[in-house]
Amino acid sequence: MTNLDRVCAARTRALRIALAAAILAAVASVDPEPAPAAPAAASSGGPNGSNAAALLPAGALVELIDTDQREDHTDVTVQFSCSMNYMGNNPVSHGTSTRISLRLGADCGNALGTIPPEVPVIGGGGDLVTAARLDSIVPGEVSLELTWSRPLDFVIAPTGNGRGLRVRLLHTAEHRGSGVVLAPAEPESYAVNLESSQSPIPPSEVEDTARALATQAYVSETDIGGVHWYRLRVGPFAHRADAEAVLAAALPAHPQAWLALNDEQTDLTRVERAGAVSSASNLPLDPPLADSERAALYGQARRALEERRLTEAIDLLTRLVRQPEYPGRADAQELLGLARERAGQLAQAKAEYQAYLARYPDAAGAPRVRSRLQALEAASLEPRSLGSAKPVTEHWTIAGSAALGYQYGREQVVSAGTSTSTTAVNAALVYGDLLLRDHGTRYDFVGRADAGYTANFVHTSGGSQDRTTAAFVELTDRSLGLTGRAGRQTLANQAVVGLFDGLYVGYQVQPNLSVSAAGGYPAYTSYSSFSSSQQFATVSAEYGVLHQSLVFDGYLFDETELGLTDRRSIGVQARYSQPGRNLVALVDYDIYFQSLNAATLIGNFKASEYWVLGFDLDHRHSPLLEINNALIGQSTTDLKVLEQTLHGIDALKQAALDRTALTDTAVLSANRPFGERWQLMLDLAAVRLGATSASFGVPATPSTGTDRSVTVQLSGSSLAQSNDLHIFAVRGDQAPGERSVTLSWDARFALPGAWRLGPRFSVERLQDPALGGRQMLYLPEARADWTSRRAVFELIGGYQLERQVTLQQLTNQVGPAVSSTTDQRALYVSATFRWRF
């Protein structure tokens, strides 16, 4: 794709979605007349990554978030509109959410100001990734928070082009599989935490609490920073109002009580509640094993179940349920019923579920078990479809969402008594996604269409645009392990292309080995129309060992533009994931240019009882090394013309190398908890953008030098009210010739009903001799959101004041310099509503 293609992309017509004969067809056609380019985003939308001045609606930082659910894992692809340097994430590898810290790349434009919050749309129709939100707490950095529907293991790695992230959610197969009757999605679960202690809480105190508050009480256990905590709790409650009423009644006797939402690290079946008496087991008991042995057996059983070694899983789980009563036995009992159900032993599965309900009638998992038992006791007793709680006779399922958003921003510059105002942002966004599935006895069909329209009312900054994130059909033959997909899609299993129009084929050779191939036409952003100027083809393989704890990916990639080789590279990625340890290594080598394109090493590990340390070392070409980079700084936008001007392909390759700088990034991070409510996070970062050489009429660009920064964040919860959140941050940055210090506070409070309020304030002081003085940046902001199970409504309003004081020596005058003040003010508001079905 040429620069002209990226700057003046052809306008696509509205996406047509037709449901006929239970098959979804999504067709996108190209308008023959070019439309004005979209408002300039933080990048050019292509590999050249030219700078831009501001972030406008059509150029949000998060270009897309796409989910791809598979048998034993789910891949989440995040694509940004400019390059991002991964700095770390917290929690590291397990939890119901993770907060990913990112530093803006050089092609993201002016990073002095903070970035307006974003609520990206999540494509894929899956139930695992429930929410995404991007915030900027300190200038030059953003954090992307991803939320899952339940506690999950995960691993995170940046893509090879530096403009994306790949998140893999692990061990998700336990809720899927043919012949499995799945429970419906569980509602939010509230509990009231009364006391926390490092010593066991006596059962008598649990029973007294249950009687005093007229509800169920229990003791929950968790490990925080290597310290084992016992929590006295009451609940759980399905509705927040019920939990808040009990909290109010408990506060006089428990002034430190706070409201907890879905924060249990283990299933509640691991704990016993006051008054609950387990029935005696009729099974013969084996001699008790040590807790570590039981935990090892349970882990082996889960892995065997996920890998469909059902006979082995049943044997291991039977050994566990023959043990005398112990915390976690209920989990083993339920899992044994599930294993027998997957093995087709329906009568035995019913017996296991009945034993569970007799022994644990009030356990948190009891509704789930009752649902499965009722389904097995139904007259048909037919197996259930993959990923659905509906019978096989109802193969087809539809899921999706619709979103409507509006953004408005106005800027004002006041200097020497003169005021100038402009409308920077005035745009509306309509977006929708639709997912159609059919789970047959052998074949699975998926049809997806994710599309939207951005209406830009500021005509001076670009025109309105259509966007298409996904429009494809997919067919999987489970017996052969073969999957084919055609249309607009993301290539989630490689780090070379994000969005593209074309064909993907995957083959599961063995449970731990898969191969795939893909080809088509890159679409650098969802606003890109179909273009055949660039083509690519790639083959890859993925191999996992040690029960998928260690996974290797390898690929060969070839891309051409106008008949010229754009890039040809080989790449290897290795991911190692264990509780408390995470390591990702990525190497991409361009065999056409004979140059290392990118090398990344990321690690997170638990260094002691309290500290979790992380590091990110990255060396890459910026922008990504391609023959197209030769156009940077040239008057022509046509590679063929430039090749003739430079007299040959060798000169064109040299020009591309000369225009491409090297970037080195090093980040060290550390975090540790203090009790249950406080978390300390430290980040040390150094980034260096190298120089480019002068050649072929284009001048050299000097290196930016090394930019060093230190960020300290302290987060606390339940400080002013139950379940609130506060993040206090201090950031110091030193680059050649300038220094800055930023202080910020970010908070979230729960309001009556389903509302939350999030005030934020930050102030930055910048000393830059090149500006002749100093700059001060003030940013107050308020956010409010209303969330239900299927809908989200969010309001954001902020005001940014940048005051620049410069010193000037007037011509033909002596004496001290005269100071002048320039104020740049910006007001922005946005509203977003999203509904899932």
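The values are calculated or read from the model by the stated rules, or taken from the named source; none is laboratory data. Quantities reported herein were computed from a predicted structural model and do not represent experimental measurements. Side chains are part of the model used for accessible areas, which takes the heavy atoms of the whole protein and leaves out ligands, DNA and RNA. Shrake-Rupley method; radii C 1.70, N 1.55, O 1.52, S 1.80 Å.
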Segment 620-697, accessible surface, carbon-and-sulfur percent (1.4 angstrom probe): 57 percent
Accessible-area composition of segment 483-617, carbon plus sulfur, in percent [1.4 Å probe]: 65 percent
Amide H contacts of Ala607 (H built 1.01 Å from N, under 5 Å, at least 5 apart or other chain): Val612, Leu613
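With every protein chain left in place, what is the accessible area per residue of segment 586-690 in square angstrom, probe 1.4 Å? Spell out each step's value before the answer.
Working: 4380 Å² over 105 residues.
For segment 586-690, the per-residue accessible area is 42 Å².
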Residue-by-residue Karplus 3J(HN,Hα) for segment 163-168, coefficients 6.51, -1.76, 1.60, Hz, glycine and proline x: 10, x, 10, 10, 10, 10
Convex hull of Cα atoms in segment 685-758, direction-averaged projection (nm²): 8.1 nm²
Mean projection area, nm², convex hull over Cα of segment 629-743: 10.9 nm²
Gyration tensor verdict on segment 442-587 (Cα atoms; rounded if a/c is under 1.5, prolate if a/b is larger than b/c, oblate otherwise): prolate
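What area, in nm² and to one decimal, does the C-alpha convex hull of segment 301-374 cast on average over all directions? Working shown, then result.
Values: hull surface 18.1 nm².
Reported value for the Cα convex hull: 4.5 nm².
Over 18 Å apart: what share of the alpha carbon pairs of segment 403-446 falls there, rounded to a whole percent?
Details: 590 of 946 pairs.
Above the 18 Å cut-off, segment 403-446 has 62 percent of its Cα pairs.
Can you tell me how much longer the chain between Ser549 and Ser532 gets when fully stretched, taken as 0.36 nm per residue apart minus their C-alpha distance, in nm with one decimal? Present the calculation step by step, with values, prior to reporting the outcome.
Numbers: separation 17, 0.36 × 17 = 6.12 nm, distance 3.96 nm.
The Ser549-Ser532 span can extend by a further 2.2 nm.
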Gained length - Thr222 relative to Asp291, 0.36 nm times residue gap less alpha-carbon distance: 23.3 nm
Accessible area (Å², per residue) of segment 432-533, counting only protein heavy atoms and a probe of 1.4 Å: 35 Å²
